[in-house]
Amino acid sequence: MSDASRRCAVIFNPVKVSPQFRELATSILDGAGWTDLLWLETSKDDPGQGRAAEALQAGVERIIVAGGDGTVRAVAEALAGSGTPLGIVPAGTANLLDYNLRLPRTEEPALEVAAEGTTRDIDLVKITLDGDRTQHFAVMAGAGLDAMIMDEVSSDLKKTIGTAAYFLAAGKALGRLPMSVRVKVDDRPIKHHKAMMVLIGNVGGIPPNIDLIPGAVYDDGLLDVMVASPRRLRDWFKIIGRMIIRRQRKDDALELHRGKRVEVALRKPETYQLDGDVEGEFSRLVAEVVPGALTVVVGADVTGAGSAVA
């Protein structure tokens, strides 16, 4: 414990955190020497970017974000390249960045790590949509099945049945696919697909212990691309089996690529998601890795490059 007062901003989604969150955070942060706290609530109009900019302008030494994947992404986007450490307290349904960084999944231990953990730099991915819109993400971006599922799932349903809501939404989405898509990774030849899903990942793990994008690593200076083009029911079973047992076999139902830049061009506009939140539509997307763009606070057991799925 330090005797010197240190300034920390706590950005939180009031709808997601527990009723005792503020009291608990104050106690833990005070015990770690963070006695000068700036409390900033997110809102529908400002999911986190503006609040993070406000915290940076205030000159805080650390920012802690408490919320779901969308809140974390919004704050991380605002902190890109700032060097200000970000502590993460999960308060959503999936909490994918938290999961891949092996952070605690409940408030109290997550706050303890956010207050006293070590720091490390991880990559972000910058995307440019239709040549004029730019965003960043920390987990995954996707078009096709995953984006349609996110678009179909309501917040109320997620609160009621949790991750099972995504499986219910998948049935509605399957009838609206596949997509005609062209994918180009770095300087390699363009590949044409009739795809059910295109995923670009900075990390690859999803609960419970599934390697959705095998080999994706959050600090290797590369992004990973998965193109799923199943044509028959047995193709789906093969893809799901490969994710569960993590044994990769070459076939035309699932392609994996790795590089620093990927261009995805669609025949017609499709919905896309960033870190689990539907953001709109695009016809052309360019994704580029930004190495070491975000400084995060992690536990002592997170060392070296790697993903959360062991």
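Laboratory data are not the source of any read-out in this text; all were calculated from the coordinates shown. For clarity, every value in this text was computed on a predicted model and none was experimentally measured. Please note: Cβ atoms are built from the backbone with ideal geometry, for glycine as well, and neighbour counts cover all protein chains shown.
For each pair in Lys126/Lys191; Lys16/Lys260; Lys184/Lys268, compute the distance between the two Cα atoms and list the pairs where it is over 24 Å.
Beyond 24 Å: Lys16/Lys260.
Mark the label point 7 Å from the Cα of Lys268 along Cα→Cβ and return the residues of the stretch 177-214 whose backbone N is within less than 16 Å of it.
177-182, 194-196
How much length, in nm to one decimal, is gained on full extension between Thr106 and Arg261, taken as 0.36 nm per residue of separation minus their Cα-Cα distance?
Length gained, Thr106 through Arg261: 52.3 nm.
Please report the net charge: other residues with Cβ closer than 13 Å to the Cβ of Ala265, K and R +1, D and E -1. It would help to have the intermediate numbers written out before the result.
On the way: positive: Arg182, Lys184, Lys191, Arg267, Lys268, Arg284; negative: Asp130, Glu263, Glu270.
Local charge sum for Ala265: +3.
Cα centroid distance between the stretch 198-226 and the stretch 33-62, in Å?
Here the two parts' Cα centres lie 29 Å apart.
If the chain between Ser180 and Ile210 were fully stretched, how many nm would it gain, using 0.36 nm times the residue separation less the Cα-Cα distance?
Length difference between fully extended and current span is 8.1 nm.
How long are the semi-axes of the equivalent ellipsoid of the stretch 31-85, taking √(5λ) for every eigenvalue λ of the Cα gyration tensor, in whole Å from largest down? Write out the running numbers ahead of the final one.
On the way: eigenvalues 65, 33, 23 Å².
Each semi-axis is the square root of five times an eigenvalue, giving 18, 13, 11 Å.
Output the peptides 283-292, 190-199 sorted from most to least packed, where packing is the average of other Cβ atoms within 10 Å over each peptide's residues.
Numbers: 283-292: 17.1, 190-199: 18.8.
Top of the packing list down: 190-199, 283-292.
Measure out, as a whole number of angstrom, how far apart the alpha-carbon centroids of the stretch 126-147 and the stretch 251-289 sit.
Computed from Cα coordinates, the inter-centre distance equals 6 Å.
Need one number: nm distance between label points at Thr128 and Gln49, each 7 Å from Cα along Cα→Cβ, rounded to one decimal.
For Thr128 paired with Gln49, the spin-label model returns 1.7 nm.
What FRET efficiency comes out for Asp36 versus Asp187 if R0 is 45 angstrom and r is the Cβ-Cβ distance? Round to the nearest 0.05. Let's see the in-between values first.
Values: r = 50 Å, r/R0 = 1.11.
Once the sixth-power term is evaluated, E becomes 0.35.
Counting other Cβ atoms within 10 Å, keep those with at most 15, restrict to DSSP loop, and tell me which chymotrypsin sites (Phe, Trp or Tyr not before Pro) in the stretch 13-68 are left.
On the way: sites: Phe21, Trp34, Trp39; in loops: Trp34.
Filter output for the stretch 13-68: empty list.
If packing is taken as the average count of other Cβ atoms within 10 Å, what order do 105-113, 72-80 fall into, highest mean first?
72-80, 105-113
Mind giving me the nanometre distance, one decimal, between the label points for Thr119 and Arg284, set 7 Å out from Cα along Cα→Cβ?
Taking the simple label geometry, Thr119 and Arg284 are separated by 3.9 nm.
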